[in-house]
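What follows is one structure encoded as structure tokens, with my remarks underneath.
The values are calculated or read from the model by the stated rules, or taken from the named source; none is laboratory data. Source: prediction; values computed, not measured. So basically every Cβ, Gly included, is an ideal-geometry build from the backbone, and we count neighbours across all protein chains shown. All accessible areas refer to the heavy atoms of the entire protein, side chains included, with ligands and DNA or RNA removed. Shrake-Rupley method; radii C 1.70, N 1.55, O 1.52, S 1.80 Å.
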Amino acid sequence: VQLQAFGGGLVQAGDSLRLSCVDSGDSFNIYSMSWFRQAPGKEREFVAAISWRGSSTDYVDSVKGRFTISRDNAKNTVYLQMNSLKPEDTAVYYCAADKYYRSFYSTDDVEYWGKGTQVTVSS
């Protein structure tokens, strides 16, 4: 598993962004995928997760109704559609992979991390 996140940028409050995370390995479709974020001076926090088949998803309360996680196993890619962005969403966003699906992940639960992508939301 080799993960790389893309799609970050500088946007205004209320805008949308879609993050992508591509796995260049050959076993993407057996891993549950998740997104985390880390704001300056804060710990890395769980944002969203999706099971290997895409049948289960879960979100941290602060993004429910605004963010959507999805995956395309044919493209080895997981997405995070972020709508109605707020300044407090500003962070480096990381994708992660693990063989076990959880409705909530701590950083210790993750087997593989990708490099992050910066999302900055201006007010």
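Overview of values
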{"item": "Antiparallel content of DSSP bridges confined to the range 4-123, in %, to 5", "result": "90 percent"}
{"item": "Length gained when the stretch A13-T120 is fully extended (0.36 nm per residue, less Cα-Cα span)", "result": "37.6 nm"}
{"item": "Candidate lysines - alpha carbon under 30 Å from K75, same-chain residues fewer than 8 apart omitted", "result": "K64, K86, K99, K115"}
{"item": "Å² of accessible area per residue within the chain, as computed with a 1.4 Å probe and no ligands counted", "result": "51 Å²"}
{"item": "Excluding exposed DSSP-loop trypsin sites (Lys or Arg not before Pro) (at most 12 other C-beta within 10 Å), longest clean stretch of the chain", "result": "1-41"}
{"item": "With every protein chain in place, the range 54-123: carbon and sulfur % of accessible area (1.4 Å)", "result": "45 percent"}
{"item": "Estimated distance in nm for a label pair at I30 and S56, the labels positioned 7 Å out from Cα along Cα-to-Cβ", "result": "1.8 nm"}
{"item": "Cα gyration tensor shape for the range 74-123, rounded if a/c is under 1.5, else prolate or oblate", "result": "prolate"}
